[in-house]
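Heads up, the thing below is written out as structure tokens.
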Amino acid sequence: MFTHVVFFKLNDPTPLNVEKAKTILLGMEGNIPQLKYLEVGADILHTERSYDLVLITRFECKNDMDAYQVHPFHVNEVLKNLRPMLKASAAVDYED
């Protein structure tokens with residue numbers, strides 16, 4: 001399995017914006033065939049080093065993750081709507 005984890009820091013992390021971003025990310029469920037697992041979590045501690053949201057996705061292999069990155073739903077629905085909301089993001093990718 002190939003795991004892709006992304007942390008998101010929002011420009012304006014109000015509860016409404018966090019929920020909107022979470023909904024955008026969860027919208028990928030069932031719309032991207034390569035995506036085998038999807039989890040989205042909102043931070044509850046709100047410490048100085050916290051990010052606002054985490055996305056955990058799993059794929060059969062790196063090639064499937066590469067296909068996900070350019071999939072029309074990911075590009076035209078998720079990134080198009082999420083990027084304007086973001087202050088920063090960080091990712092970790094690994095195979096297990």
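Quick one: would you say THR47 is modelled with pLDDT of 95 or more, hydroxyl-bearing (Ser, Thr, Tyr), in a strand (DSSP E or B) and under 26 Å from PRO13 (Cβ atoms)? No: the conditions fail for THR47.
Within the stretch 1-22, the set of residues being without any contact (Cβ under 8 Å) to a residue 24 or more places away in the chain and among the hydrophobic types (A, V, I, L, M, F, W, C) comprises LEU16 only. Of the residues making up the stretch 8-44, those that are in a strand (DSSP E or B) and either over 11 Å from MET85 (Cβ atoms) or of a type outside the set (D, E, K, R) (or both) are PHE8, LEU10, TYR37, LEU38, GLU39, VAL40, GLY41, ALA42. Residues that are more than 18 Å from PHE8 (Cα to Cα) and touching a Lys or Arg at 6+ places or on another chain (Cβ under 9 Å) within the stretch 24-44 comprise LEU35, LYS36, TYR37, listed in sequence order.
Here the condition is being surrounded by 12 or more Cβ atoms within 10 Å (Cβ to Cβ), more than 25 Å from ASP96 (Cα to Cα) and either in contact with a Phe, Trp or Tyr (Cβ under 9 Å, 6 or more places away or on another chain) or small (Gly, Ala, Ser) (or both); of LEU53, LEU35, LEU82, LEU25, it holds for LEU82 alone.
The values are calculated or read from the model by the stated rules, or taken from the named source; none is laboratory data. No experiment lies behind these values; they were computed from the predicted model shown. Counting neighbours? That spans all protein chains shown, and the Cβs are built from the backbone with ideal geometry, glycine included.
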